[in-house]
Amino acid sequence: MQKLTFNTTKKTVEVIVEGVQEFYFENVPTVKVADGYYEVLQTGDDDRTTPVLRVPINQTNMVIER
């Protein structure tokens, strides 16, 4: 099981697998819930939102922090 933490104030996402930080993203306006997965969207320098990571819902606990 992995843990995805989305901080809505800092606009960051951290993914921890077995106690180890595997991914960390900044400038994340939202985490989209799609068909069977969470999709992390990141805003680039050109203000375009791009998907950067997809993780399966059934293997991921998502925590939303303020």
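The values are calculated or read from the model by the stated rules, or taken from the named source; none is laboratory data. Quick caveat, the model's predicted, so the values are computed rather than measured. Heads up, the Cβs are rebuilt from the backbone with ideal geometry, glycines too, and the neighbour counts pull from every protein chain shown.
Among the residues making up the stretch 2-33, those that are polar (S, T, N, Q), exposed (fewer than 15 other Cβ atoms within 10 Å of the Cβ) and more than 11 Å from the chain's Cα centre (by Cα) are Thr9, Gln21.
One residue stands out among those in the stretch 24-66 that are more than 15 Å from Phe6 (Cα to Cα) and in contact with a Ser or Thr (Cβ under 9 Å, 6 or more places away or on another chain): the one that is modelled with the lowest pLDDT, which is Gly44.
Could you tell me which of the residues Gly36, Gly44 is touching a helix residue (DSSP H, G or I) at 6+ places or on another chain (Cβ under 9 Å), loosely packed, with under 15 Cβ neighbours inside 10 Å and touching a residue at least 12 places away in the same chain (Cβ under 8 Å)?
After ruling out the rest, the residue left standing is Gly36.
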